[in-house]
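Reading through the structure tokens given below for one structure.
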Amino acid sequence: MASTPAAGPVPDDLPEDRQDGLPPAPGRPVPGWVGPLFICLALVIVPWIVLLWLRLPARDMVGHYRLAWVGFDVLLAVALARTGWTAWRGLDHVELPAVASATLLVVDAWFDVTTASSRAAAGIALLTALLVELPLAGLCVWIAVNAERVRRERLHWALHVDPHRDRR
């Protein structure tokens, strides 16, 4: 896959691997087929969602309800701990556990509110979602965005190129 130079035009006499000591400009983060594949997957799941809405019962008894919630919350705790650990250590990949934590927090808020068994429980779940889970998810997203910004600035500093020139 050919890559586009990151800093201005490259003279015709420079080969692809460049003779100026700088590595070639980075290419796409994933192959071009990944985007269309995931858009198709999102479209394919729409009929499944409609089928679930039409076929699933409004109420159901779950055999492993406690296990499902405890397991989910253990997963959430691990993601939050990993986010904290990578942030504390100043590791470049902190956005990965931060995005995972944000996703799990949003899912937790959704299911807490939608599976509440009474009005009082729904009120507490909604308050917890609005005051704790969703703001914390927002903080996790901020961590991920900020980490990527810092990574671009470091790359700019290291390679002396404009990190904002070739955004996709």
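Going through 135, 97 one at a time, which residue ends up being surrounded by 14 or more Cβ atoms within 10 Å (Cβ to Cβ) and more than 30 Å from residue 58 (Cβ to Cβ)? So that I can check it myself, show each step before the final result.
Details: 135 fails: surrounded by 14 or more Cβ atoms within 10 Å (Cβ to Cβ).
Result: 97 is the single residue among 135, 97 that is surrounded by 14 or more Cβ atoms within 10 Å (Cβ to Cβ) and more than 30 Å from residue 58 (Cβ to Cβ).
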Quiz item: Based on what the data block shows, is residue 112 in contact with an Asp or Glu (Cβ under 9 Å, 6 or more places away or on another chain) and surrounded by 15 or more Cβ atoms within 10 Å (Cβ to Cβ)?
Solution: yes
Exercise. Answer yes or no as to whether residue 32 is modelled with pLDDT of 80 or more, assigned to a loop (DSSP other than H, G, I, E, B), more than 30 Å from residue 116 (Cα to Cα) and not hydroxyl-bearing (Ser, Thr, Tyr).
Key: yes
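Report yes if residue 2 is in a loop (DSSP other than H, G, I, E, B), exposed (fewer than 10 other Cβ atoms within 10 Å of the Cβ) and either among the acidic types (Asp, Glu) or modelled with pLDDT under 90 (or both), otherwise no. Steps first, answer last, please.
Details: in a loop (DSSP other than H, G, I, E, B): yes; exposed (fewer than 10 other Cβ atoms within 10 Å of the Cβ): yes; either among the acidic types (Asp, Glu) or modelled with pLDDT under 90 (or both): yes.
For residue 2, the condition - in a loop (DSSP other than H, G, I, E, B), exposed (fewer than 10 other Cβ atoms within 10 Å of the Cβ) and either among the acidic types (Asp, Glu) or modelled with pLDDT under 90 (or both) - is met.
Taking helices (runs of 4 or more DSSP H) that do not extend beyond the stretch 36-134, which have at least 3 residues that are polar (S, T, N, Q)? Spell out how you get there, then give the answer.
Numbers: elements: 65-89, 95-114, 119-128.
Those helices (runs of 4 or more DSSP H) span 95-114.
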Practice problem: Enumerate the pairs (first residue in the stretch 144-168 and closer than 21 Å to residue 94 by Cβ; second residue anywhere and modelled with pLDDT under 80 and part of a helix (DSSP H, G or I)) with beta-carbon separation below 6 Å, excluding pairs fewer than 6 apart on the same chain, so at least 6 apart or on different chains. | Solution: 163/155; 163/156
Quiz item: From the residues in the stretch 53-73 that are free of Cβ contacts under 8 Å to residues at least 24 places away in the same chain and surrounded by 10 or more Cβ atoms within 10 Å (Cβ to Cβ), which one is nearest to residue 111 (Cα to Cα)?
Solution: 69
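The values are calculated or read from the model by the stated rules, or taken from the named source; none is laboratory data. Since the model is a prediction, treat every value here as computed from it, not as a measurement. In this analysis, Cβ positions are derived from the backbone assuming ideal geometry, glycine residues included, and neighbour counts consider all displayed protein chains.
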